[in-house]
Amino acid sequence: GWSLGLTAGRVLRADGDTSFPEDSGLDGRWSDYVTSVALTTAWGLTLSDQALFGDDFLFRRNEFAVVYDSDRADFAASYVYFAEDDTNEVLGPQPETNEFSIDARYRVHPNWEVRGLWRYDIASDSNLRAGAGITYGTQCAEFDLSVSRRFTSSDNVPPSTSIGFNVSLAGLGDSEDRSWPARVCLG
């Protein structure tokens, strides 16, 4: 069936003295407002949003996601926003984050799946990551070939491209529960 969930809250402390950094949204007598909304349909679609905002009702953080999940296909799209934070004592100053991502998988044949992903930084108008993969699977084993590109660089890690090949044998530590067509496993 369908389900709808809504949670909203704010912390009130008897003593406003906390160990949280100033302007974190958690410091002081009252915390920022926290909300979470999720709608799930009977046919596998979920819409969700989580937000953190202050008394001025300006978002400090917000994440919106659309997810579709079925045996044959999965699709997820999300938007993430983090306000600029110059007061982070642990990580140092953090720039504003505005990111959009898409992740999809489609079973093109009973034994074959293709997938892709893309992550984009709206604030800097640049790609962050992209990838694609193809998987062949039976009830005995799964063979996966993938390629991914990380476009951004930091001070110590340059942009990079990775190519991967993975073989997973059923029953040997594989935690994913995918149903592949039954075949006779010899051996």
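Every number in this text was worked out from the coordinates using simple rules, so none of it is lab data. The structure displayed is predicted, hence computed values, not measured ones. Because the Cβ atoms are built from the backbone with ideal geometry, glycine has one as well, and the counts that use them run over all protein chains shown.
Laid out as a table, the results:
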{"quantity": "Magnitude of the charge dipole, the chain, Cβ model with Lys/Arg +1 and Asp/Glu -1, debye to 20", "calculated": "1100"}
{"quantity": "Exposure proxy ranking, count of Cβ atoms within 10 Å, fewest first, for GLU96, GLU89, GLU142, GLU63", "calculated": "GLU89, GLU96, GLU63, GLU142"}
{"quantity": "Distance between modelled label sites at GLU84 and ASP103, nm, 7 Å Cα→Cβ extension", "calculated": "3.0"}
{"quantity": "Net charge over other residues, Cβ less than 12 angstrom from the Cβ of ALA73 (K, R count +1; D, E count -1)", "calculated": "-1"}
{"quantity": "GLU96/ILE134 FRET efficiency (R0 30 Å; Cβ-Cβ; nearest 0.05)", "calculated": "0.25"}
{"quantity": "Cβ-derived FRET efficiency at R0 45 Å, VAL157 paired with THR46, nearest 0.05", "calculated": "0.85"}
